[in-house]
Amino acid sequence: MMNQQLKQVFRTFAEGQGRLTVLTGAGISAESNIPTFRGPEGYWTVGSRNYHPQEMATNQMFRRNPDEVWKWYLYRMNVCAAAQPNPGHTALVAMEHHFGDRFTLITQNVDGLHLLAGNSLDRTYHIHGNIFFMRCFAECSHTLYPMPDSFRGRPKDQYLTDPERALLVCPRCGERTRPHVLWFDEMYNEIFFRFESSLRAAAETDLLLIVGTSGVTNLPNQVAWTVAKHGGMIVDINVEENVFSELARRSSGHFIQSSSSRILPEILALFREGEGG
């Protein structure tokens with residue numbers, strides 16, 4: 001719930017020229033029925049062994065067993081393809097329209113729902129990639145290729161066929177492609193994951209909304225701490241307490257214990273009130 005003081009914070013912010021950054025994580029996607037990455041749906045069985053997401057989502061595993069990694073990601077892609085944006089997503093689209101170049105969206109989610117809802121690619125930083133794209137595993141170029149439509153609706157446990165493998169080949173050099181995601185044994189970079197851009201945005205942020213993420217990965221933590229260090233306000237929105245809610249309180253910010261699909265439309269309405277619109 002928001003108290004009157006916090007409501008006035010949002011109204012006052014909209015009256016000025018401050019920069020708004022929104023950092024989203026799995027919580028907002030869970031409200032569109034996408035299972036969280038580390039939940040039961042994240043596990044994958046190869047033979048008689050269950051692999052954890054931290055084992056499957058690695059460069060090392062792809063080198064060892066690329067077909068199984070692709071099967072897992074194609075299954076996850078189809079889970080994401082069946083989802084639709086929720087009111088939290090659509091509220092963020094309206095915030096981007098409201099603030100224009102003073103708005104940046106940094107998302108850990110690879111499901112593409114922010115773009116599907118209507119956020120622009122230029123102002124949306126996919127810091128963990130996008131599951132609907134692939135790229136050359138040999139990195140002959142930085143080109144991202146859309147996943148072929150023929151993989152839509154693919155059965156979960158079906159082995160890769162030769163025609164499917166042919167579709168998962170780099171059209172430029174003929175090497176294998178890989179999912180365009182950040183794996184656990186890889187580092188952030190600017191080219192694929194907007195690392196420097198995210199930190200620059202954080203350094204210029206006056207208000208940071210953290211939505212549905214608990215802070216277990218590196219770059220989101222750096223973003224939040226960068227905002228806190230230069231005196232920006234942090235408002236953490238989550239269904240449960242986490243490291244960001246504590247950081248928000250310590251930096252004179254706020255924690256809102258709520259679902260994003262309920263609270264983001266309310267914040268949008270307060271922004272509009274602040275500008276008399």
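Things to note:
- The criterion of at least 1 residues that are closer than 20 Å to Glu186 by Cα is met, among helices (runs of 4 or more DSSP H) falling completely within region 58-101, by 59-64, 66-81.
- Search result, residues across region 244-257 that are buried (at least 16 other Cβ atoms within 10 Å of the Cβ) and either assigned to a helix (DSSP H, G or I) or under 19 Å from the mean Cα position of the chain (by Cα) (or both): Phe244, Ser245, Leu247, Ala248
- Test: residue in region 188-205 that is without any contact (Cβ under 8 Å) to a residue 60 or more places away in the chain and acidic (Asp, Glu): yes
- Single residue of region 139-186 satisfying the filter (open to solvent by less than 80 Å² (accessible area, probe 1.4 Å) and without any contact (Cβ under 8 Å) to a residue 12 or more places away in the chain) that is nearest to Gly129 (Cα to Cα): Val169
- Among residues of region 201-214, those that are surrounded by fewer than 21 Cβ atoms within 10 Å (Cβ to Cβ) and either closer than 15 Å to Gly253 by Cα or under 14 Å from the mean Cα position of the chain (by Cα) (or both), counted: 2
Yes or no, residue by residue, for (1) within 21 Å of Asn109 (Cβ to Cβ); (2) at pLDDT below 95; (3) among the acidic types (Asp, Glu):
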| site | (1), (2), (3) |
| --- | --- |
| Asn3 | no, yes, no |
| Ala26 | yes, yes, no |
| Ser32 | yes, no, no |
| Thr36 | yes, yes, no |
| Glu41 | yes, yes, yes |
| Asn50 | no, yes, no |
| Ala57 | yes, yes, no |
| Pro66 | no, no, no |
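- When Ile127, Ile131 are checked against the criterion of being under 20 Å from Glu190 (Cβ atoms), open to solvent by less than 20 Å² (accessible area, probe 1.4 Å) and at pLDDT 95 or above, Ile127 stands alone in meeting it.
- Flag if Tyr159 is modelled with pLDDT under 95 and hydroxyl-bearing (Ser, Thr, Tyr): yes
- Any chance Thr104 is among the hydroxyl-bearing types (Ser, Thr, Tyr) and either crowded, with 19+ Cβ neighbours inside 10 Å or in a strand (DSSP E or B) (or both): yes
- Answer residue from region 60-90, given it is of a type in the set (A, V, I, L, M, F, W, C) and over 16 Å from the mean Cα position of the chain (by Cα) and is surrounded by the fewest Cβ atoms within 10 Å (Cβ to Cβ) among those: Ala82
- Search result, residues across region 136-154 that are part of a helix (DSSP H, G or I) and touching a helix residue (DSSP H, G or I) at 6+ places or on another chain (Cβ under 9 Å): Ser150, Phe151
The values are calculated or read from the model by the stated rules, or taken from the named source; none is laboratory data. None of the values given here were measured: they were computed from a predicted structure. Cβ sites come from the backbone with ideal geometry, for glycine too, and all protein chains shown count toward neighbours. Just the protein is used for accessible areas: all its heavy atoms, side chains included, with ligands, DNA and RNA removed. Shrake-Rupley method; radii C 1.70, N 1.55, O 1.52, S 1.80 Å.
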